[in-house]
There are 4 protein chains.
Amino acid sequence: MVAGIIGATGYVGVELVRLLLAHPEVSSLALSSVSFEGQNIVDVYPNLRGMLRGKTDGVLTGADAVVAAADVVFTALPHGVAEQYADACVKQGKKLIDLSADFRFDEDEATFVEWYKKPYAFPAMHSESVYGLPEMNREKIRKARVIGNPGCYVTAATLALLPLLEKGLAKTDCVIVDAKSGITGTGRNPSEKNNYSESGESFAPYNVGKHRHQPEIARNCSKAAGKPVNVLFTPHLLPMSRGIIATVYAQTVRPVTEEEVFAIFAERYAEEPFVRVLPLGDTATTKNVRLSNWCDLSIHVVNGGNTVEIVSAIDNMVKGAAGQAVQNMNLISGFPETMGIDAIPAAF
Amino acid sequence: MVAGIIGATGYVGVELVRLLLAHPEVSSLALSSVSFEGQNIVDVYPNLRGMLRGKTDGVLTGADAVVAAADVVFTALPHGVAEQYADACVKQGKKLIDLSADFRFDEDEATFVEWYKKPYAFPAMHSESVYGLPEMNREKIRKARVIGNPGCYVTAATLALLPLLEKGLAKTDCVIVDAKSGITGTGRNPSEKNNYSESGESFAPYNVGKHRHQPEIARNCSKAAGKPVNVLFTPHLLPMSRGIIATVYAQTVRPVTEEEVFAIFAERYAEEPFVRVLPLGDTATTKNVRLSNWCDLSIHVVNGGNTVEIVSAIDNMVKGAAGQAVQNMNLISGFPETMGIDAIPAAF
Amino acid sequence: MVAGIIGATGYVGVELVRLLLAHPEVSSLALSSVSFEGQNIVDVYPNLRGMLRGKTDGVLTGADAVVAAADVVFTALPHGVAEQYADACVKQGKKLIDLSADFRFDEDEATFVEWYKKPYAFPAMHSESVYGLPEMNREKIRKARVIGNPGCYVTAATLALLPLLEKGLAKTDCVIVDAKSGITGTGRNPSEKNNYSESGESFAPYNVGKHRHQPEIARNCSKAAGKPVNVLFTPHLLPMSRGIIATVYAQTVRPVTEEEVFAIFAERYAEEPFVRVLPLGDTATTKNVRLSNWCDLSIHVVNGGNTVEIVSAIDNMVKGAAGQAVQNMNLISGFPETMGIDAIPAAF
Amino acid sequence: MVAGIIGATGYVGVELVRLLLAHPEVSSLALSSVSFEGQNIVDVYPNLRGMLRGKTDGVLTGADAVVAAADVVFTALPHGVAEQYADACVKQGKKLIDLSADFRFDEDEATFVEWYKKPYAFPAMHSESVYGLPEMNREKIRKARVIGNPGCYVTAATLALLPLLEKGLAKTDCVIVDAKSGITGTGRNPSEKNNYSESGESFAPYNVGKHRHQPEIARNCSKAAGKPVNVLFTPHLLPMSRGIIATVYAQTVRPVTEEEVFAIFAERYAEEPFVRVLPLGDTATTKNVRLSNWCDLSIHVVNGGNTVEIVSAIDNMVKGAAGQAVQNMNLISGFPETMGIDAIPAAF
């Protein structure tokens, strides 16, 4: 199979390159970049030297060449750019997996416009696109032609909350998601925020109450609960490169025990290849999922059984972005779901 | 004045050394250490070479010699050891400021025993000891002979919540404190937890629902509210050395505006020398308080006015420990409250 | 093939576990640990949960059971313990790859005793053991039964110097190796040195002129040069987990050009699967080899052609330890040399 | 005294602000910024909130207003901009301390032009300017009107080499300076280089053989030796914010002992208020000088007495920049040399 990446030189793009170079069913890779068109990706990312494995010569082309060459196209671009490629792919009988927010809101254009300040240019694409969280939408994903890959924080938070909400165990008036992310989430473009001198040895929240992942988490939660869920979301920036912890607080409709909640999670995720429900007593941590597609969930019942606290850990670049996109590629392509994304986490 | 430090070679102890060497009213320092008795503190902490300023020769003695020499004694010891020195100080007409938990619960021995597994050996000391959070107890501190210096997380969380609880604005059934601390909080003793290979480039909560600072925060909150406050406290360990962020979520009894909450905080802390209520729109961050005695508070009203989110930032070693202890020393000694602890935060 | 690891819960041991779990020719893994015998490695390293792939149940046994079960045994132990297992392996027709210093000095017991303060207990083992640097000893390794895996600093330094010394281009009176390592090199045991509060945001040399890797580098260099080479070696500890940079300074016997030196390196390593000689103008960096078995070498001719400066970058846990050990296993087992250790470096 | 800072919002500028706000003899501060003119420095650096101490209202003006208001002007600007302000200051009877490279080469315009690609615009200024390394030029500094503050690497390297070269003990054909700096050295402007995702958990040299501090080190060394010294300089970037280690290798003209070299250093720096010659056996480290104006030097004689290795540690922002500039201000103003820059190093 030929895989294509439009936007191969951003962090998400090159993480896709890293994963797809090692994917057994991807025989060829087509890569584009606006910033580095005409250059070789090995010169932009010298870690790739000697690792292209005959799948690509490394030369970065324009986006159209990628669409033309690939069976499955990944778009790893700023918000608001992927729609045109989705349209082109569908017209040419190809599939597209978008890693921006463009296809995360399906037909709910109003919410997209409210948070991303841009109308849909190709509404038909949003009618058929599928939200690519396999733990929610696996069967729809298998048949999709256009997939909107979830946000990183969203993945961590949603997986922490699904079982509780589906069972009607959580009160829906104020679910709190206190989330912390490594700095790779700010991307390759240098900024004051990701300057080591500003971000190393420091920690703070940002965009309190205003982060664009909030409506996406709320939408997922509301679907799971079957009614509107009010989500309070606070992201923080960690002085480290990779990893997200979402510490999630849900008030329960009745007192619960840890064993009861554990059983619900264990059952809900029993067949999931990328969710580990940790034994009671353990606590999820980013190092145990680093560079892997795992989402680790640890369960803590506090406040006399009236609050369930879930700690959710993912690697923001893998399960939070490129790894989940490959998981989606596997699903739409009929490959084994874990193929190429079964790396053992590097704990140190 | 002669200041003494029992336990001068732990991180809190040596932070006291650093501050007191620069304190204009401290003419002499007496230092003890169990681990390094007979050695010179300059050999344990070579950063102090050439910096003793004639206040000490640096030789680490036993504890009794410190009590004998000092006017004010600081105890920076494991829990359960300070009582005897408090008794000795009071008998000798000296004052003691303890940085362990021993004097944080006043006469509430039951709570202390529940969380610290040790009865009071000198109950009389707890009858007269004062909890050393100046923003709550300034006048009592001025007259105290024995002071229990607050916990680091507790300081950050309490200052975030006091104004809301005093005004009766926050619901008291479930206040959430999601706190994150730098690694110096784990102390000088090496452990798996503070091994760089384990703690660098990683992040996780610990002791979820079981941290000993929970009852101390709850007690402070209950005093402020005038009724029991249920506090849910989750500490996390950050991959950095210094700094605490407490992200605090309080549901309000009625919808509020940011301006209203800001006004309450601004008024409550108007005279406080070490609390900065940040302008609306700003967010507290550890770097802006690093190596200073400031507590920065930023105010965020979310959830349609039904939730107040306060971000509280301190340096865990300064306002969270040694700096606050010096603030207490200044109060009991009649010195200007900011003397020797007015360093400008080192933002990078 | 059954692979066994004696000392599976140290950092080097568990890095071997990570690599061998993913190795296509290793069907089964036998694991021992003194500290955690009887426990499951998943409880010690929760990153391994769900990743054992039927190769092991994770239970940590004693060492003898590993020797009995395995075809190839890895010893990842403190210095001075591996000899007995080498003897046992050879007697039972098995092979052993030792990751301590025990088999790095072949029959030169005097040097071993001088630096490691311990005589050889099984001299016969040292008569047949082979030093496991494939770039020096590939053919001998293929036939060996006992292999001494090189030190981490040694690997980086030796690969930087071999081509120059073999060609007689470098003066041998004072080759300088200024090396810097990530903290995983200090191992799993917590110490003051690897406490984050001491090692984060700080940097320093250690063991100046006294590090045990000095004689090993000197021996390798002398072999390459065919005469004694005097090596000055200074290790430093970096505030990061993984990676070594060796900045190597060699004075030349005559002025040289960068192009000339590049040609020598390119030719010397043309067939090497794990050495990348970077294009002139590039500089080796740890991030480009992270979590891979690559050694990156960049060439800089300075001082008017009279000094060659080589920057050598490896991942200390992979090419500097476990990865090179697997490379050796591949060689003695007749597997493709890169099997199981061809991961793409994770640059961030 | 009124101090002025032109370029107060870069890292060096704001470090000057931090130091001068605490300086007892500076009663008033005038601040300018091109990027933030008209704004308040408290909004750019919120750590300064509440810390201006009546010395400034924080409003950032243009450069001319600073020259007009100040008795001593600091220029913390890109290279090639300070000359005009030097001229203006001298004409108005003021003094200027420049923290760029503009006044580091005195009348040697040729070297400046070779490395900085710009001719002198005000040659007269360079005839009278003095190179501001107090350990070399204290008496000249006292009388100077224009001072060129040394480079950060240069300060660390020069102090390590002066005693050896002045005594004629070091061979001058190839002194090696292998130096490592924290990331604050790259400044406030975000770049790929200082993006945490690139620079955290990674390490590498840069500008090998081409760094602009090389000619400055060589010039200082040559002055000390009384003849040309050939310096080989390699800078590296550390994954941390502050601190420089220069590991310096000098071949000796005859075998020496550590005691002998220690005695030479101890004598040379006996009266220096900011140089600590560490006891033999100790090793200099950045944490022991952090946030202080100290330069720590440790002495290691290796290679049978034929090589002296000096480890030099400074805080690049203090002794390497702003602290040394204040030291120079103290000298030209007749204040005690340590005034305002005698902070105790913060080791963690």
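Every number here is computed from the coordinates shown, using simple stated rules; none is lab data. All figures in this text were calculated on a predicted structure; none of them were measured in a lab. Here the Cβ positions follow ideal geometry from the backbone for every residue, glycine too, while neighbour counts run over all protein chains shown.
Tabulated values for the structure
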{"read-out": "Point-charge dipole on Cβ atoms (K/R +1, D/E -1) for the range D:152-315, about Cα centre, debye to 20", "value": "500"}
{"read-out": "Sparse-neighbour loop sites [trypsin sites (Lys or Arg not before Pro); the range C:207-271; at most 14 other C-beta within 10 Å; DSSP]", "value": "C:210"}
{"read-out": "Amide H within-cut-off set for residue C:252, under 5 Å, with H built and near neighbours excluded", "value": "C:171, C:307, C:308"}
{"read-out": "Translational diffusion of the range B:275-348, µm² s⁻¹ [Kirkwood Rh, Cα pairs; Stokes-Einstein; 20 °C; 1.002 mPa s]", "value": "162"}
{"read-out": "Shape call, the range A:199-273: gyration tensor on alpha carbons, a/c limit 1.5", "value": "prolate"}
{"read-out": "On Cα atoms only, tilt of C:258-268 relative to the major axis of chain C in degrees", "value": "30"}
{"read-out": "Loop GluC sites (Glu not before Pro), the range A:250-300, which have at most 12 other Cβ atoms in a 10 Å radius of their Cβ (DSSP)", "value": "A:271"}
{"read-out": "Modelled FRET efficiency - R0 45 Å, residue D:267 with residue D:145, Cβ distances, 0.05 increments", "value": "0.90"}
{"read-out": "Separation of the residue B:227 and residue C:338 label points, Cα + 7 Å toward Cβ, nm", "value": "7.1"}
{"read-out": "Position residue C:123, label points 7 Å along Cα→Cβ, spacing to each other copy in nm (shortest first, one decimal)", "value": "7.5, 7.8, 9.1"}
{"read-out": "Loop trypsin sites (Lys or Arg not before Pro), the range B:1-108, which have at most 15 other Cβ atoms in a 10 Å radius of their Cβ (DSSP)", "value": "B:53"}
{"read-out": "FRET efficiency for residue B:192 and residue D:127, using Cβ-Cβ distance with R0 set to 45 Å, rounded to 0.05", "value": "0.10"}
{"read-out": "Between 0 and 90°, nearest 10: helix B:213-225 axis offset from chain B longest Cα axis", "value": "60"}
{"read-out": "Amide proton proximity set for residue D:147, modelled H, under 5 Å, gap of 5+", "value": "D:96, D:97, D:98, D:130"}
{"read-out": "In order through the range B:276-293: 3J(HN,Hα) via Karplus (6.51 cos²θ - 1.76 cosθ + 1.60), integer Hz, x for Gly, Pro", "value": "10, 8, 6, x, 4, x, 7, 10, 5, 8, 5, 5, 7, 10, 4, 6, 10, 8"}
{"read-out": "Cα centroid separation, the range A:61-76 to the range C:154-198 (Å)", "value": "44"}
{"read-out": "Equivalent-ellipsoid semi-axes of the range A:1-140, from the Cα gyration tensor, Å, largest first", "value": "27, 16, 14"}
{"read-out": "Folded to 0 to 90 degrees: helix D:152-166 orientation relative to chain D principal axis, Cα", "value": "40"}
{"read-out": "Zero-based 10 Å bins, Cα pair distances in chain B, whole percents", "value": "6, 26, 35, 24, 8, 1, 0"}
{"read-out": "Other-chain or far-sequence residues with amide H under 5 Å of residue C:31's (modelled H)", "value": "C:5, C:61"}
{"read-out": "Chain D, rotation onto C, residue closest to that axis via Cβ, with its distance in Å", "value": "D:178, 2"}
{"read-out": "Computed over the range C:152-316, Kirkwood Rh from alpha-carbon pairs, angstrom", "value": "16.1"}
{"read-out": "Under 26 Å, Cα to Cα: Lys pairs in the range D:2-128, sequence gap 8 or more or different chains", "value": "6"}
{"read-out": "Alpha carbon convex hull of the protein assembly as shown, volume per residue in cubic angstrom", "value": "168"}
{"read-out": "Inter-copy label distances at residue B:281 (7 Å, Cα→Cβ; nm, one decimal)", "value": "4.6, 5.2, 5.9"}
{"read-out": "Calculated label separations, residue C:227, copies of the chain, 7 Å along the beta-carbon direction, nm", "value": "2.7, 8.9, 9.2"}
{"read-out": "Cβ-derived FRET efficiency at R0 22 Å, residue B:206 paired with residue A:259, nearest 0.05", "value": "0.55"}
{"read-out": "Calculated from backbone phi, Karplus (6.51, -1.76, 1.60) coupling profile of the range D:108-118 in Hz, x at Gly/Pro", "value": "7, 5, 4, 5, 4, 5, 4, 9, 10, 6, 7"}
{"read-out": "Distance from the range A:281-325 to the range A:245-272 (C-alpha centre basis), Å", "value": "12"}
{"read-out": "Simple Cβ-charge dipole of the protein assembly as shown, Lys/Arg +1 and Asp/Glu -1, about Cα centre, in debye nearest 20", "value": "0"}
